[in-house]
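A.B. asks: Have a look at the structure that comes next, please.
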There are 2 protein chains.
Amino acid sequence: MTAVECEGRIVIVDTGLMFPTAEMLGIDLVLPDFSSLRERSDDIEAIVLTHGHEDHVGALPYVLREIGIPPVIYGGLLTIGMVRSKLDEHKLRDVPLQELPAGEVMRAGPFEIELVHMAHSIPDARAVALTTDAGTVLVTGDYKFDQTPVDGIPADVSRLAELGRSGVLCLCGDSTNADRPGVAPSESSVGPALLEVFSRCTGRIVVTSFASNVHRVQQVIDAAANLDRRVALVGRSMRKNFNIASNLGMASAPGGLFISPKEIEDFPDEKVVVISTGSQGEPLSALRRMAHRDHPDVELHSGDTVIFSATPIPGNERSVNETIDRIFQIGAQVVTAADAPIHASGHGWQEELKLMLNLTKPDYVFPFHGDHKRLKLHADLAESVGIDRTRIFTGRNGLALDVDGSGARFTADVHASMIFVDGVSVGEPDEFALRDRRKLSDDGVFIVVATISSDDGSQVADPEVIFRGVPFAEDADGLRDELRGVVEDTLADAAEEQVREISLLQQDLHDDIAEFVYEKLRRRPLVLPVVVEV
Amino acid sequence: MTAVECEGRIVIVDTGLMFPTAEMLGIDLVLPDFSSLRERSDDIEAIVLTHGHEDHVGALPYVLREIGIPPVIYGGLLTIGMVRSKLDEHKLRDVPLQELPAGEVMRAGPFEIELVHMAHSIPDARAVALTTDAGTVLVTGDYKFDQTPVDGIPADVSRLAELGRSGVLCLCGDSTNADRPGVAPSESSVGPALLEVFSRCTGRIVVTSFASNVHRVQQVIDAAANLDRRVALVGRSMRKNFNIASNLGMASAPGGLFISPKEIEDFPDEKVVVISTGSQGEPLSALRRMAHRDHPDVELHSGDTVIFSATPIPGNERSVNETIDRIFQIGAQVVTAADAPIHASGHGWQEELKLMLNLTKPDYVFPFHGDHKRLKLHADLAESVGIDRTRIFTGRNGLALDVDGSGARFTADVHASMIFVDGVSVGEPDEFALRDRRKLSDDGVFIVVATISSDDGSQVADPEVIFRGVPFAEDADGLRDELRGVVEDTLADAAEEQVREISLLQQDLHDDIAEFVYEKLRRRPLVLPVVVEV
């Protein structure tokens, strides 16, 4: 999420989300913190979306709910199509979504908004040029300079060059592959490689890839048709995205090529290609379920070949490897991008980042969309093409870059951490709740309930003891008895010392139980004492 | 852990452990399930350890406690030294640990036991040849055919060839790198690469590697001495392993080279090399603490170079990447094995696995030590050197391979899952406890306590409500009041329906609270109702 402000008016570029890391226990989604924009919703002229990937549009429903609906939301045709479907699912209707064709200029307050066609791993990716009296800010979105894209329309280098000649004030550039020397392979190189692998397969073929990579899915379909195999799309997002793209005329298949997942078993193995979600080993994805022999329609077996036309996103290596190993265990073959050139990244490599810098000749460079390592490497690339270090700004979320006639500098540091989505609850990271969840998941929970008389503090019922998430408690009854003994001792001590304050009594119970459990089990669970006075 | 049995007598080769995966919430260690050996402890002639890595010796203390102490435990010199230190920590003394020099033959029941010197990423790695009247079983341990190892003693190919000429009945071979074509680089190629990288560093150097890789640590020390830099060993296992190796004469440093971690700041940056634990991004390791600016002795800063002389073990990518990115954020440089040839695997690649097969010419091949993918690829390699597929057995834990004059076949399937260590508790995976931990970590816990009269079931105290691990409960008091209302409604309904059985009442409370929480928060936490009768 990038906000560009001029004369007190704002255009927002992209509203993406992150998927939670392993430490964010139980959290469903991570959103950008847009609280600083909440009071300024009247100042927002437009939201512009570069492309339809979740890390660029996924937070939109939350943003619209929290800061209101802006006058207009622009994007490429497929982007708008995918976003409309997403907003429908969130029951957000009457949102002013509008396709802005590349090259057309729309005015919004002090801004001229123009989209520039780029290539990426989803059709209709765009860079955003925002021109004001102060100059042009160019936000690249995710891009590569694919010279032979599948749809035949390479990134619009002429328009980028024109913008560069007119003068780009600031370039906000994608840094994802700033660590990779050279040029990314073309998307259209993947098709022949897939066909080559397919032609060696004698049994059933299962290809997994990102559902939003329409051109990849198209190439799989073409290779299947070429070899006279039928195609089944498996996984909800695979079918949904193909339908959207197909309705927009961006994807197609010969009539009769498709079969439903239920029909797969009706065709000979050598006549079928399954295109499946799950390239990242996602827990509930179709491929993961196949690998665990738990898919209703596809039962993998020896002779099948599973082709990973994708690489693991950093952090997903373990789940991808586990999925692959399960498939080997079943006896099926696995082909990954390490075995054949069946994947191409959608993000430009170093030479492409340099080309972008040389085309646009920005006064200031603002590397974004990458971890600290890649921002730094992108900054190094900018320096290597002759941009002065003082004109390169590697920031972080929340740091505002102020550019005017006299130069550029980081100024305001707006509050911009993360927002967690947990079920239907949305809020700032709650360290206490996450710490409790960590404790609960590591060591479980012990609950003791003591019931005492409000007259004299004496026990009026046996203590209740419950523990959960404590493995190997084979002698659970014995442990429970011991814990009851601890509670009774604590209460007896408290009575002797005339402790009658409930909170103090609970503190004593907590400390004594925690100490006992640590001595006995070497664990530090969450201990929750409850004292009931009757 | 491999058990070789002949005439009812048993030799155990290695007793390793696994580190828990992310799904094994709160579990500390994973041991092999040796329950099938428990009743047979009198039949065990010896335990033989191939080398000192945790995945080969780590379960030894648990094995000794569970199945008793065998007549003798053999291993190479460093292996025995490291194991003795480990058993000391577990307060296991008087264990019959004995160095068995490579080439010497010891008799144990029907077995002749011989160790064959191999190269690996720890000194004193050995293959184990167990010869009985039935023939020789060769267990390779982890190995590579490094022709120029740092200690100058390559794997004993002559002895392997002799064993092959005499006839190897079964080869149990390491499969770790069965997917890598070619030959692994020599450990001694790492030293010059490290020196080359060091010589380009103008500030402080921090090298991280496995503490047990004594030859690697030695090469770092040599490079530091070469450039007139002092060396500090940081991290407990780094110091411990160096001391053991140094006492055995396997590692050394010029007098005065070492400085203590506390002295690091007393020396100019360009005069210091820190050798640190944490190459896998382990949470409490020295390097991870440095990356989080939380190490008592080393404060990383711009100008420092951190060198990863190790690659991430599969599954550790995320924590390693996170550590690297934190270091970039601090402004220090990072050099990994992707940037310079500063790491060499300790496991042989495909050509080495084939060489092992050709040297030993086994009647039967039993690929082990690898996931399903690598076992399968190792089997393919065996076939490629001319071994008949029917003589290659890829099994799994617990499956016994029975070999006799008439052939080989999988027979008994002994119970051999995993054993979890959780604090001081040891037991079989407890699905219930882990499921509870998963629930607790995802959605937290809700506890309600209802106190009712044993006379008529009426409430005698207000319900108590506690929830933990529930984020964003900003209106916690309101939520608590609502939950109390649910409890009171449930009790009122129960009273009306004359439900007096405590367990039924608890079930009602559970269901009503769970439903309320799901409707309100879309979460399914652990709900624990307690009914106290007074």
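The values are calculated or read from the model by the stated rules, or taken from the named source; none is laboratory data. Note that the structure is a prediction, hence the values are computed from the model and not measured. All Cβ positions, even for glycine, are placed from backbone atoms using ideal geometry, and neighbour counts span all protein chains on display. Only protein heavy atoms, including side chains, enter the accessible area calculation; ligands, DNA and RNA are left aside. Shrake-Rupley method; radii C 1.70, N 1.55, O 1.52, S 1.80 Å.
A.B. asks: From the label point of B:ILE69, set 7 Å from Cα along Cα→Cβ, how far away are the matching label points in the other copies, in nm, ordered shortest to longest?
C.D. replies: 7.9
A.B. asks: First measure r as the distance between the Cβ atoms of A:LYS271 and B:ARG165, then evaluate 1/(1 + (r/R0)^6) with R0 = 60 Å and state the FRET efficiency to the nearest 0.05.
C.D. replies: E(calc), rounded to 0.05, equals 0.70.
A.B. asks: May I pose another question? Evaluated at 25 °C with a viscosity of 0.890 mPa s, what Stokes-Einstein diffusion coefficient in µm²/s does segment A:77-207 have when Rh comes from the Kirkwood expression over alpha-carbon pairs?
C.D. replies: The diffusion coefficient I find is 141 µm²/s.
A.B. asks: Which distances in nm, rounded to one decimal and ordered from shortest, link the label point of B:GLY395 to the equivalent label points in the other identical copies, with labels set 7 Å from Cα toward Cβ?
C.D. replies: Label-point separations across copies, in nm and ascending: 6.3.
A.B. asks: How big is the accessible area of B:VAL197 in square angstrom, nearest 10, if you roll a 1.4 angstrom probe over the protein chains?
C.D. replies: About 0 Å², rounded to the nearest 10.
A.B. asks: Could you please put B:MET418, B:MET290 in sequence from largest to smallest accessible area, using a 1.4 Å probe?
C.D. replies: My answer, sorted largest first, is B:MET418, B:MET290.
A.B. asks: Name the residues of segment B:13-50 whose accessible area, probed at 1.4 Å, falls by at least 30 Å² once all protein chains are in place instead of their chain on its own?
C.D. replies: SASA drop of 30 Å² or more in segment B:13-50: B:GLY26.
A.B. asks: Starting from the residue with the highest accessible area, list A:LYS361, A:LYS262 in decreasing order, probe 1.4 Å.
C.D. replies: Result, largest first: A:LYS262, A:LYS361.
A.B. asks: Scattering from the C-alpha atoms of segment A:139-248 alone, worked out with Debye: what is log10 I(q)/I(0) at q = 0.15 1/Å?
C.D. replies: Summing over Cα pairs of segment A:139-248 leads to -0.83.
A.B. asks: Same structure, new question: Return a whole-number percent for the relative contact order of chain B, with Cα pairs under 8 Å and 6 or more residues apart as the contact set.
C.D. replies: 13 percent
A.B. asks: Would you mind classifying chain B by shape? Square roots of the alpha carbon gyration tensor eigenvalues, ordered a ≥ b ≥ c; an a/c under 1.5 is rounded, otherwise it is prolate if a/b is larger than b/c and oblate if not.
C.D. replies: Verdict is oblate for chain B.
A.B. asks: Can I ask one more? Please list, ordered by chain and number, the residues whose modelled amide H lies under 5 Å from the amide H of B:ALA232; skip anything fewer than 5 residues away on the same chain.
C.D. replies: Hits under the 5 Å cutoff: B:ILE259, B:VAL273, B:VAL274, B:ILE275.
A.B. asks: Please work out how many pairs of lysine residues in chain B are eight or more positions apart (or on different chains) and have Cα atoms closer than 23 angstrom.
C.D. replies: Eligible lysine pairs with Cα atoms under 23 Å apart amount to 12.
A.B. asks: Segment A:440-492: Rg/Rh from Cα coordinates, Kirkwood Rh?
C.D. replies: Expressed as Rg/Rh, it is 1.06.
A.B. asks: Out of residues 5 or more away from B:PHE420 or on other chains, whose amide H comes under 5 Å of its own, with H placed 1.01 Å from N in the peptide plane?
C.D. replies: Those lying under 5 Å, H to H, from B:PHE420 are B:LEU31, B:GLY427, B:GLU428.
A.B. asks: Along Cα-to-Cβ, 7 Å out, sits the label point; list in nm, shortest first, how far the one on A:PRO341 is from those in the other copies.
C.D. replies: 2.5
A.B. asks: For segment A:56-100 and segment A:322-341, what is the separation of their C-alpha centers, rounded to whole Å?
C.D. replies: Computed from Cα coordinates, the inter-centre distance equals 38 Å.
A.B. asks: Next question. Hey, can you find the accessible area per residue of the protein assembly as shown for me, probe 1.4 Å, expressed in square angstrom?
C.D. replies: For the protein assembly as shown, the per-residue accessible area is 41 Å².
A.B. asks: Extent of segment A:291-377 along each principal axis, from alpha carbon coordinates, in Å, largest to smallest?
C.D. replies: Principal extents (largest minus smallest coordinate, Cα): 58, 23, 21 Å.
A.B. asks: Only protein chains counted, 1.4 angstrom probe. Which residues of segment B:289-317 are at least 40 Å² less accessible in the assembly than when their chain is isolated?
C.D. replies: At a threshold of 40 Å² (probe 1.4 Å), the residues of segment B:289-317 that become less exposed are B:GLY315, B:GLU317.
A.B. asks: Compute the distance from the alpha-carbon center of segment A:290-313 to that of segment B:478-534, in whole Å.
C.D. replies: 43 Å
A.B. asks: Angle check, please: helix A:431-443 long axis (alpha carbons) against the longest principal axis of chain A (alpha carbons), in degrees 0 to 90, nearest 10.
C.D. replies: Long axis of A:431-443 versus the principal axis of chain A: about 70 degrees.
A.B. asks: In Å², nearest 100, what accessible area do chains A and B bury in total when the solvent probe is 1.4 Å?
C.D. replies: Protein heavy atoms only, the A-B interface buries about 5300 Å².
A.B. asks: Can you give the FRET efficiency for A:SER458 and B:GLU66, using 1/(1 + (r/R0)^6), R0 = 51 Å, r = Cβ-Cβ distance, to the nearest 0.05?
C.D. replies: 0.65
A.B. asks: Taking 1 over the mean of 1/r across every pair of different Cα atoms in segment B:191-283, what Kirkwood radius in Å do you get?
C.D. replies: Evaluated on segment B:191-283, it is 13.2 Å.
A.B. asks: Which of rounded, prolate or oblate describes segment A:324-421 when judged by the alpha-carbon gyration tensor and an a/c cut-off of 1.5?
C.D. replies: oblate
A.B. asks: Could you tally the net charge around A:ARG326, taking each other residue with its Cβ under 12 Å from the Cβ of A:ARG326, Lys/Arg +1 and Asp/Glu -1?
C.D. replies: Every neighbour counted, the sum reads 0.
A.B. asks: Roughly what % antiparallel, to the nearest 5, for the DSSP beta bridges in chain B?
C.D. replies: 50 percent
A.B. asks: Per residue and in cubic angstrom, what volume does the convex hull of the Cα atoms of segment B:51-125 have?
C.D. replies: About 92 Å³ per residue, rounded to a whole number.
A.B. asks: Okay, moving on. From the phi angles alone, apply the Karplus equation (6.51, -1.76, 1.60; θ = phi - 60°) to segment A:512-525 and give each ³J(HN,Hα) in whole Hz, x where the residue is Gly or Pro.
C.D. replies: Coupling constants for segment A:512-525: 5, 5, 4, 5, 4, 5, 5, 4, 7, 10, 6, 10, 10, x Hz.
A.B. asks: Additional query: Given a 1.4 Å probe, show me the residues in segment B:425-440 buried by at least 30 Å² of accessible surface when comparing the whole protein assembly to the chain alone.
C.D. replies: B:SER425, B:ASP430, B:ALA433, B:ASP436, B:ARG437, B:LEU440
A.B. asks: Moving on to the next point. For chain B, give the percent of accessible area contributed by carbon and sulfur heavy atoms, probe 1.4 Å, rounded to a whole number.
C.D. replies: Answer for chain B: carbon and sulfur cover 48 percent of the accessible area.
A.B. asks: Once you compute Rg and the Kirkwood Rh from C-alpha atoms, what is the Rg to Rh ratio for segment B:427-517?
C.D. replies: Value, to two decimals: 1.04.
A.B. asks: Express in Å², to the nearest 10, the accessible area of B:SER199 obtained by rolling a 1.4 Å probe over the protein heavy atoms while all chains stay in place.
C.D. replies: Rounded to the nearest 10, the figure is 70 Å².
A.B. asks: Report, please, the projected area of segment B:280-321 averaged over directions, based on the convex hull of its C-alpha atoms, in nm².
C.D. replies: 3.2 nm²
A.B. asks: Give the separation of the Cα centroids, segment A:401-477 to segment A:183-254, in Å.
C.D. replies: Rounded to whole Å, the Cα centres lie 45 Å apart.
A.B. asks: Also, I was wondering about something else. Once you have all Cα-Cα distances for segment B:1-134, histogram them in 5 Å bins from zero and send the whole-percent values.
C.D. replies: With 5 Å bins starting at 0, P(r) equals 2, 11, 21, 23, 21, 14, 6, 2, 1, 0.
A.B. asks: Another question, then. Per-residue accessible area for A:VAL217 at 1.4 Å probe radius, Å² rounded to 10?
C.D. replies: It works out to around 0 Å².
A.B. asks: Largest first and to the nearest Å, give the Cα extent of the protein assembly as shown along each principal axis.
C.D. replies: For the protein assembly as shown, the Cα spread along each principal axis is 91, 81, 75 Å.
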